[in-house]
1. Regarding Gly255, is this residue within 18 Å of Gly291 (Cα to Cα) and in contact (Cβ under 8 Å) with a residue 60 or more places away in the chain?
2. Hey, can you tell me all the residues within the stretch 302-312 that are among the small types (Gly, Ala, Ser) and in contact with a Gly (Cβ under 8 Å, 6 or more places away or on another chain)?
3. Out of everything in the stretch 90-145 that is more than 21 Å from the chain's Cα centre (by Cα), among the β-branched types (Val, Ile, Thr) and surrounded by 19 or more Cβ atoms within 10 Å (Cβ to Cβ), what residue ends up being modelled with the lowest pLDDT?
4. Is it true that Val54 is modelled with pLDDT under 90, in contact with a strand residue (DSSP E or B) (Cβ under 9 Å, 6 or more places away or on another chain), buried (at least 20 other Cβ atoms within 10 Å of the Cβ) and closer than 24 Å to Ser186 by Cβ?
5. When Ala71 is evaluated against the numbered criteria (1) assigned to a loop (DSSP other than H, G, I, E, B); (2) of a type outside the set (Val, Ile, Thr); (3) at pLDDT 85 or above, which criterion, by number, is the only one it fails?
6. From the list Glu301, Glu235, Glu306, exactly one residue is of a type outside the set (S, T, N, Q), over 23 Å from Asp400 (Cα atoms), modelled with pLDDT of 95 or more and in the same structural domain as Ala26 (by TED's automatic domain parsing). Which is it?
7. If Pro59 satisfies every condition in (1) surrounded by fewer than 18 Cβ atoms within 10 Å (Cβ to Cβ); (2) within 23 Å of the chain's Cα centre (by Cα); (3) part of a strand (DSSP E or B) but one, which is the exception?
8. Output yes when any residue across the stretch 330-339 is closer than 21 Å to Gly299 by Cβ and surrounded by fewer than 19 Cβ atoms within 10 Å (Cβ to Cβ), and no when none is.
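The values are calculated or read from the model by the stated rules, or taken from the named source; none is laboratory data. Keep in mind it's a predicted model, so treat the numbers as computed, not measured. Virtual Cβ from ideal backbone geometry, glycine too; neighbours counted across all protein chains shown.
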Amino acid sequence: MNLASVLLEQAEQRADAPALVADGAAVSYAQLAERSAWCAGMLRSRGVSAGDRVGVMLPNGPEFVALLYGAWRLGAVVVPLNPLLAQPEVDARVLVASTTLLVRDGEEIESDEPARDVIGCEPAAPAVILFTSGTSGKPKGATLTHGSIRAASTNAAAALQLGSRDVVLGAAPFSHVLGLATGIVSTLSSGGAIAIEQRFDARQTLDLMTAVGVTVLLGVPTMCIALSEVARLAERLPALRIAHVGGAAVPAEVGATFEEIFGAEIYEGYGMTEMSGIATTYSAGQVRKVGSVGFPLGGTEIRIDEADARGVGEVRFRGRSVISGYWNDPQATAEAISSDGWLATGDMGYVDDEGYLFLVDRKKEMINRAGYKVYPREVEEVLYSHPDVLEAAVIGVPDDRLGEEVVAIVVQREGSSSTPESLRDWTKERVAAYKYPRRVVVAAELPKGPTGKILKRAIDVTTLLSP
């Protein structure tokens, strides 16, 4: 059941076929399998064995993929860390934060010898720990198993009809579940190739897509917007077959424009770390409905809890792709996953008479900025550390380009004179680039409930943000 065995199977069947394309060079399946063996040897020489955590803080690249499968060969648990995050904390035997040990030629990887064996794993064995967070902002390590990743990646591959002729754009961060489970595992399990992009830049990415013949786009709505803009001036465009988009709602106009320019259908889906990847989307031939994220995949069950008169309630899932729980956090696990296997998503939605899932609102306060998760409390704590800030509330406001934008409303201490710009810059220096509020509003007071709790839903955003 070890996920590394899937790569080896493909390497036997498609040895010379390209598995990765990066920086104008292709890495074949045989080469990738060999590099993963050398990475496994490097890790083993540093004391890594089955069950050990391996922290990985690398950008998208062939090195990340080789290390991922190398760690899995040993039965180790990979802990991808977002390179954008400052001062990460991880309980790991080894942390790989540089590619100097993982160069292009397998014989140069620092290891006495490769480790070509693959440790047998049960489906429930941990494979990846991805850090997520609830409304409290406390980091939680979602434990994705070999079985849950295989189920989610197989479901996604079937829905998107991935095959050996596909070239999938690998621009979604490999440290996120979309980039890892769907971008890497689904593609390589299907015999396709991944066109790796370290950082999405619309013009540069479009050139890459055209040059290598990308057929499948995995991304977020903002990518579709930016690609559509630069595509208007391009002489040639890639022959896209399909675009799967999630992370935020796809505005109807954005979807229609993208489909007209690229001649490819957009499948709007819904996925999350706790489902090990994509949970709902469309499959070939299914009629799409504007605003819907499609149907549950691969035998995944769905139910709506505590539905109101409109049928809107909390979305819950049950199936093989549900995570086993949160690493060393039984309380959080019990709160999220019931004893009979139902996962509480924290998202509000409804299922119509034909089985289509529609998302209405988020129960949690998490902000989705261009597909990246921003937790208000973390940003608020930075603001509260400023000597002039008395109260702070961080909220997400609708944004046509990003889905949501981060906005902070602060009440200053009496006699303070900090400008909104200085408060913004203060925060910018202390959190990841995608987290800081692009706009800070200074208010006289914040609405509060009977207990003194700040009521974010009662904040009049229209008035506060008016010129």
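1. no
2. Result: Ala307, single match.
3. Ile109
4. For Val54, the condition - modelled with pLDDT under 90, in contact with a strand residue (DSSP E or B) (Cβ under 9 Å, 6 or more places away or on another chain), buried (at least 20 other Cβ atoms within 10 Å of the Cβ) and closer than 24 Å to Ser186 by Cβ - is not met.
5. All conditions are met except number (1).
6. Glu301
7. (3)
8. yes
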